[in-house]
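Note sheet for the following structure.
Quick note: the coordinates plus some simple rules give every number you see, no bench work behind them. Since the structure is predicted, the reported quantities are computational estimates derived from the model, not experimental observations. Note that we place each Cβ from the backbone using ideal geometry, even for glycine, and neighbour counts take in every protein chain shown.
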Amino acid sequence: MTRDARKPNKRILVGGVAAALAAALLLLAVHAASSPATPAGFSPAREPSEEELRYGLQPDGVFLSAGGYILDFRYRVLDAEKAAAIINRQVAPVLTDVESGARFLVPNTPKVGALRQTRMGPKRDGKHQFMLFANPSGRVKRGQTVRVSIGDFTTGELQVR
């Protein structure tokens, strides 16, 4: 066998890579066209309540994370100026289990700090943000109802997903 017979043909190699790239881009375009505008797991867009408009926040939901030891509260900033009054480092958010009344806090670790976003700015309008609440021993389970209080703002009842 000659040395040239063992060499891969550059045209075939480049053509194969180009075909694979084109197929990947086509799949991505089809997926983007069929996907909803809201991120996976988030509630579909709905009209904000009066309280949500007053405080500039709209809850997306509460999700179990980290094997059930973290409760991930997601929300959308409607108005960064209004939300800045309650989304700051001095206000301690509390997640309450409606059935038992148990209260859960945002962990504040020495190296990382509080497990929540506190930066606000005019470019935050319409952005999704998060707060992570400790769920020791996995006390809150999927399907339970909770309420999140941040300063004067309190969400309605949210079902854990």
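The simple spin-label model puts a point 7 Å past each Cα toward its Cβ; for Lys111 and Arg147 those points are separated by 3.8 nm.
The trypsin sites (Lys or Arg not before Pro) of the range 82-146 that meet both conditions, a loop assignment by DSSP and at most 16 other Cβ atoms within 10 Å of the site Cβ, are Arg89, Lys111, Arg119, Lys127, Arg139, Lys141, Arg142. Remark: Val98, Val62, Val148 ranked as Val98, Val148, Val62, counting other beta-carbon atoms within 10 Å and listing the fewest first. Per-residue Karplus couplings for the range 138-150, computed as 6.51 cos²θ - 1.76 cosθ + 1.60 with θ equal to phi - 60°, are listed in order as x, 4, 8, 10, 4, x, 6, 9, 10, 9, 10, 10, 10 Hz, Gly and Pro entered as x.
The ranking of Leu53, Leu95 by Cβ neighbour count inside 10 Å, starting from the fewest, reads Leu53, Leu95. Of Tyr69, Tyr75, the sequence from fewest to most neighbouring Cβ atoms within 10 angstrom is Tyr69, Tyr75.
A quarter of the convex hull surface defined by the alpha-carbon atoms of the range 68-147 gives 5.9 nm² as the mean projection.
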